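The block underneath contains the structure these notes are about, expressed in structure tokens.
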Amino acid sequence: MVDIVDSMPSERIHGAFDDTDTITQTRNLTAGSLLAAMHAAQDKLGWLPVDSLKELAEHLQLPFSQLLAAAEFYSFFHTHPVGRWHIFFSDNITDRMAGSEALMQHMCQRLGVAPDELREDGAVSISRASCIGMADQGPAVLIGKHIFPGVTIARIDEMAALIKQRVPVDNWPLSWQSVQSNLRIPGALFERPIAPGMAIERLLAHGADNILRMIENSGLRGMGGAGFPTANKWAMCRTTDASAHYVICNADEGEPGTFKDRVLLTLRPGMIFEGMTACAYIVGAKRGYLYLRGEYAYMIPELERCLRNRRQAGMLGESIAGLRGFDFDIEIVLGAGAYICGEESALIESIENKRGIPRIRPPYPPVSGLWGMPTVVNNVETFANCTRIIIDGPEEFASQGTQGSKGSKLFSISGDCARPGIYAMPYGTTVTEALVACGGSDACAVQLSGAAGALVSRINFDQPMAFESLPAGGSFMVFGPQRNILEVIASFMQFFAHESCGFCTPCRVGTEMSRQIMERLIAKKSSRADLELLTQLADLMKVASHCGLGQSAGNPILHGLSSFKDWFDPDIKEDFAPMANIHSVKVPL
Amino acid sequence: MVTEEQISIDSVEIPFHAGETIMQAAYNAGIYIPHLCYRPGLSVHGSCRMCLVHVNGHEKAACTTPAATGQQIGNCSEALRQQRLLLIKMLFVEGNHICPACEQSGRCELQALAYDLGMTAPDLPHFQPKRTVDASHQEVNIDHNRCIACAQCVRAGDEIDGSHAFALSGRGIQTRLIPNAPSGRFADTAIHASDAAVAACPVGTLLPKHRGFNIPIGQRIYDRKPIHKLAMEKGYIHHDDTAGKS
């Protein structure tokens, strides 16, 4: 039997915190320890055989079924053997537009393996992954903790050659793995770096009440997409009486086409951690977690280094800035490929060592979050902005944007444009203005805020992007006139079907039914009944689903049917009646 | 004295206690709201969504929504029937439910509720997934073809007898029921036919052996009366042919 437990680096099992939570005192189980243990086991073994899960279950004192259930939930854990080189091709629509599918077929051919299958010798397997956060430099490939952006046929050949020579991916050229930041309009977050500790100094000088008021006066709203007023969330958490409070930074940036958090985590980790620290001071939290999407594992060494530096400088740990009682530290929890874990309650479940199934809400996390304790969950960009606001005061932030959406926002622009990358633009910027900035003016459509957002057609390009109008979550994918809108919509439905947690009926089944119908539509094997069903499914998912994922999963279809109706019509065969459909098909006489 | 608060379901005022959900309040008042994953005595799951109701005009799941004074709740409209009908059809689409050939016909809540909502035949393209039957256990079969992922067995195992016999595993449409055994075989769990987890199954996934067709189809519990009537009768035990016989 494989000895997993001894090989696990102890700091990743037990976390940065020495004292375990009361709730888990009797177990070798703390926040994120199941994910960490499974990552460690898989790093050693390449996949997670039953014996390894059994051993981990015994070590963590959990039912075996909980381990298997979690392992089967996350895309990056493998309960069946995969290749020693297991290659993921990012499968976002922007990757596809840049030729990812042909590249993948080429690699399969070069290495003699079919997609989603294990080569006979066990060396290679190749499959697709949801957007890995490189939409500005696709097509991108993920192998273990290594990301290869901007892949070409020539690069695929080079990679295949290294695999044939059995060179471990850890020894592949670093130049192939250079992720660009592509700052096109940097904005305040990137233009003016802060000296570490500046916001903490201000915090102690002004006191928690004043700083909270500052955040409130700035008008800052959550920048992960939902737009909940940040100060309200903090105040709610602060006033909820409990034995512990927690601060979580949501770095599970999974919305297709978004990569702004990637750039913040790369260039401004200190600002993010400082924002979390300020929040901890205000709500009274001793512990914080950065929930980092599995795709961004390559960032961990730098993020850990930043945390170490801050601990050494007295900006994390006990008696921060010399103030007795101001104790706070941050631990990184690494996700494993599950979009749903960007939903805050699913994220909390994931940290609690379970499958990432969204909770029933209310209660909301500021009242009952991690281990049932009041918890602030904010997006990376939100925390970074908090630091900026604490240093600059609220006026500068509030002077930008619209009445209902204050401030400036980082947009991740990708797709058919001359200059993909990061654009800091105030809320209220119109689609046209953004298209001009990025060199994508001939676009016929733009997908805003990722798959869950809105597919916008030319007639709405003069609309502003803000919480009160077009969604402004940050992802901005440009589609030129040559693109097939049905393929765009189909790719999003495929995404939702792949990423649905499977908890509730409408989303679990509805996303898969919709995916299949879109496939039939593209293959021109569809019927009028299919189109009616597609509409009914989208409507039902919107109102009947358990969480935001399911409620927005029908958006690409609903927006497509309202703004791009022509795309759907010619493909419908009026006289095609599938055998199975005995009621709803009107067969022309 | 506790002041009674009230909600209105289809214009009927009913009382509720603070902390109750709409489903609990309706149950106590003898009003049936369709459901498959809800079960009094188990924690609330909220996954099947069959209990979709209109609360002040907005769709909510009755089993997860707290009752609050002044709520105007719609439960019996044609619009809701249509929505629930599509939901239950989706459960048929994702599994393999061959009612005429199923041992559980007549005592299956999925079938009973489908009839209740007006579903008479499958009319959507079905997934027809390849699913397995685990007949390794001496007393109980697991037929994965019929599982609707309601997690009643999971919750009963966790909350009633602490057996942790089951879990829902996987993600999305690949969600599946697993027994708590590294071998993956049901026989290697400590479960018995009399366990709460087995009795909890509202469909035919967990099916006790050695009693096949002990009551002829046609004389079973949901053959006698529609589920919306039976479920509100005194002494009703779900899918128990002997309970609540009037």
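The values are calculated or read from the model by the stated rules, or taken from the named source; none is laboratory data. Treat the numbers as computed from the prediction; the structure is a model and nothing was measured. Virtual Cβ from ideal backbone geometry, glycine too; neighbours counted across all protein chains shown.
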Name the one entry in B:Asp143, B:Asp123 that is out of contact with any helix residue (DSSP H, G or I) (no Cβ under 6 Å at 6 or more places or on another chain) and within 9 Å of chain A (Cβ to nearest Cβ).
-> B:Asp123
Taking only pairs six or more apart or across chains, which ones have beta-carbon atoms under 7 Å, a first residue in region B:70-94 that is assigned to a strand (DSSP E or B) and surrounded by fewer than 23 Cβ atoms within 10 Å (Cβ to Cβ), and a second residue that is at pLDDT 95 or above and not small (Gly, Ala, Ser)?
-> B:Gln72/B:Asn56; B:Gly74/B:Asp10; B:Gly74/B:Val53; B:Gly74/B:His54; B:Gly74/B:Leu80
Residue list for region A:282-295, filter: buried (at least 24 other Cβ atoms within 10 Å of the Cβ) and either hydroxyl-bearing (Ser, Thr, Tyr) or in contact with an Asp or Glu (Cβ under 6 Å, 6 or more places away or on another chain) (or both) | A:Tyr289, A:Tyr291, A:Arg293
Going by the conditions given, is B:Phe16 within 14 Å of chain A (Cβ to nearest Cβ) and aromatic (Phe, Trp, Tyr)?
-> no
Condition check for A:Val367: β-branched (Val, Ile, Thr) and within 22 Å of the chain's Cα centre (by Cα) = no
Complete set of residues in region A:415-433 that are buried (at least 23 other Cβ atoms within 10 Å of the Cβ), within 25 Å of A:Gly99 (Cβ to Cβ) and without any contact (Cβ under 8 Å) to a residue 60 or more places away in the chain = none
With the condition kept exactly as written, say whether any residue in region A:263-276 is at pLDDT 95 or above, within 28 Å of A:Val367 (Cα to Cα) and of a type in the set (Gly, Ala, Ser).
-> yes
Residue check, A:Ile360 against (1) β-branched (Val, Ile, Thr); (2) closer than 30 Å to A:Ile143 by Cα; (3) within 14 Å of chain B (Cβ to nearest Cβ), all met but one. Which one?
-> (2)
Does region B:56-75 contain at least one residue that is under 22 Å from B:Asp123 (Cα atoms) and within 12 Å of chain A (Cβ to nearest Cβ)?
-> no
Condition test on A:Ile194, is it touching a residue at least 12 places away in the same chain (Cβ under 8 Å) and assigned to a helix (DSSP H, G or I)?
-> no
Before we move on, is A:Ala529 in contact (Cβ under 8 Å) with a residue 40 or more places away in the chain, out of contact with any His (no Cβ under 7 Å at 6 or more places or on another chain) and not aromatic (Phe, Trp, Tyr)?
-> yes
Could you tell me whether region A:406-414 includes any residue that is crowded, with 23+ Cβ neighbours inside 10 Å, part of a loop (DSSP other than H, G, I, E, B) and either touching a Ser or Thr at 6+ places or on another chain (Cβ under 6 Å) or away from chain B (no Cβ under 14 Å) (or both)?
-> yes
Mind checking which residues of region B:135-163 are surrounded by fewer than 17 Cβ atoms within 10 Å (Cβ to Cβ) and either closer than 17 Å to A:Thr505 by Cβ or touching a strand residue (DSSP E or B) at 6+ places or on another chain (Cβ under 7 Å) (or both)?
-> B:Ala135, B:Glu139
For region B:55-72, does any single residue satisfy the condition of being aliphatic (A, V, I, L, M) and over 30 Å from B:Ala197 (Cβ atoms)?
-> yes
B:Leu177: surrounded by 23 or more Cβ atoms within 10 Å (Cβ to Cβ) and either among the aromatic types (Phe, Trp, Tyr) or more than 9 Å from chain A (Cβ to nearest Cβ) (or both), yes or no?
-> yes
Just give me the residues in region B:23-48 being within 14 Å of chain A (Cβ to nearest Cβ) and touching a strand residue (DSSP E or B) at 6+ places or on another chain (Cβ under 6 Å), in sequence order.
-> B:Gly46
Scanning region B:110-120 for residues that are crowded, with 16+ Cβ neighbours inside 10 Å and within 14 Å of another protein chain (Cβ to nearest Cβ), the one nearest to B:Val198 (Cα to Cα) turns out to be B:Leu110
Tell me which residues, restricted to region A:475-507, are more than 11 Å from every other protein chain (Cβ to nearest Cβ), part of a loop (DSSP other than H, G, I, E, B) and crowded, with 24+ Cβ neighbours inside 10 Å.
-> none
